[in-house]
1. Could you compute the FRET efficiency for residue 10 and residue 263, with r as their C-beta to C-beta distance and R0 at 51 Å, rounded to 0.05?
2. If one computes the Cα centroid of the range 167-189 and of the range 77-108, what distance in Å separates the two points?
3. Given Cα positions, please report Rg to Rh for the chain, the hydrodynamic radius being the Kirkwood one.
4. Just need log10 I(q)/I(0) for the range 1-139 at q = 0.09, 0.18, 0.19 Å⁻¹, Debye formula, equal scatterers on the alpha-carbon atoms, no solvent, rounded to two decimals.
5. Rg over Rh of the range 221-326, using C-alpha atoms and the Kirkwood radius, what does it come to?
6. Using only Cα atoms, tell me the angle between helix 2-11 and the longest principal axis of the chain; keep it within 0 to 90° and round to the nearest 10.
7. Tally the DSSP beta bridges in the range 2-94 and give the antiparallel ones as a percent, rounded to 5.
8. Give the relative contact order (percent, whole number) for the range 343-396; include only Cα pairs under 8 Å separated by 6+ residues.
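Bear in mind that the values in this text are calculations on the coordinates, not laboratory data. All values reported here derive from a predicted model rather than from experimental measurement. Glycine gets a Cβ as well: all are built from the backbone with ideal geometry, and neighbour counts include every protein chain shown.
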Amino acid sequence: MEKIDSFLTELASILPATHFTCDAGECEYYAQDWSRTLTARASAVVFPRSTDDVSKTLALAQRLRIPVVPSGGRTGLSGGAVATRGEVVLSTLKMNRIGAVHPGSMTLQVEAGAITEAVHEHCSSLGLTWPVDFASKGSSTIGGNIATNAGGIRVIRYGNTRNWVLGLTVVSMDGTIHRFNRDLEKNNTGYDFRQLLTGSEGTLGVITEATLKLCPIPKSTSLFFFSLRDFKQLLGLFDYARSCFPGLSAFECLDHASLSEVLTFRGDPLPVNSPGNVYALMELENTADSHSESALAGIFEHDLALDGIMARNDVERKKLWHYREGVAEAILTGYLVHQEDVSVPVRTLGEFYAEIQERYSSTLPGFQVFFFGHIGDGNLHIFIRKPGSMERDDFYKTAKESDFLLFKTLEKYGGSVSAEHGIGLLKKHAIGFSRTPAEIDLMRGIKLGFDPHGLMNPGKIFDQTR
């Protein structure tokens, strides 16, 4: 506590009193993310208003050896933005300025605390968008998106966040302000630190500003909801869509158990006449041509779906999207749930799904297991709900035992133990299933170069050794 008291005393001489707090309620709130499975404990929360504020705060923290946890919208699910050891939380939420769009270069400069959805709205009047999109866009921040290399629903067409970032302003633990790549489209002058910081989960520095790449909003989009017999038919539909529709922008799936939860939670009817065991949400861009019409008719001619519906307007489009985007809320509300977010190469998705579903059926009888996710990039979310009669500790013990089988299967298929939410604290024990010891040693070396005292988001991704 003595070091924290000294830190706060000196901080008061460089930042206004409104820029930080030690209030117990706020410390607990800002020390947590959406994972909600870790005991959060922060000593203070700092709300810088500028990159210079961040620089001064970090330089002071390093001098006094105070560990710092960078924080944005806190929508992650791996504990990457959680303070558990009394660290100081540095929240970028007050740094939310959005600059003017440059229409010629189709770029936009924003601060790290800008909300994703606000960026979308800011660009839309010019017919442009930042194509990184997901269910948490109303809460997530640009800095957090970049720090976790966020994916989302349109990765199949636009890729992950790293594809849409031109430049980064980053403050390292010693207070040094780095401006990586600025807004250059071409820059072959050595290592690309912008790409290194993207996905680094706040362990190398605090992202304070970014230059984002934009793209035109599609002239038209068509959204379809299909019911299917099984996962094999789902993959057949995906292969067909990939080959027939160049404008395929999203291909999402959810099993019948997941859809049933959404329908019950919202009180909605089944959106199609014929139920299936799995469902697909397919979005196409710019498909108003005869070839596309013929290809759409071919879906049922080739027995690639049981039933389907097309959204006729924006209201129906939002409703169809909510069947997919509302899955997590419906499953989680009022229940204890163990969550996994994994990926495998798309070409092996069918085999992986069949094997892992069989494993869960045999090892977790009586458990509700839900599958949903992003077929286009091989990313599945697996939610396991606690049976009502089981004790909390017994549930987590059983779920973690099942994780070992899941991770071994992922290793077999060359998959990732974390497709979208990073490693953080909750996946740290599993990183060895997706990364070799040599790779982890290289990461440790990079971490040491940026943060020799191990004060920047300590303990996340791996434990630092010297």
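1. Details: r = 56 Å, r/R0 = 1.09.
According to the calculation, E is roughly 0.35.
2. First find each Cα centre; the distance between them is then 15 Å.
3. Values: Rg = 22.8 Å, Rh = 23.4 Å.
Radius of gyration relative to Kirkwood radius: 0.98.
4. -0.32, -1.00, -1.07
5. Numbers: Rg = 13.1 Å, Rh = 13.8 Å.
Rg/Rh: 0.94.
6. 90 degrees
7. Numbers: 2 of 10 bridges.
Antiparallel bridges make up about 20 percent of those DSSP assigns within the range 2-94.
8. 34 percent
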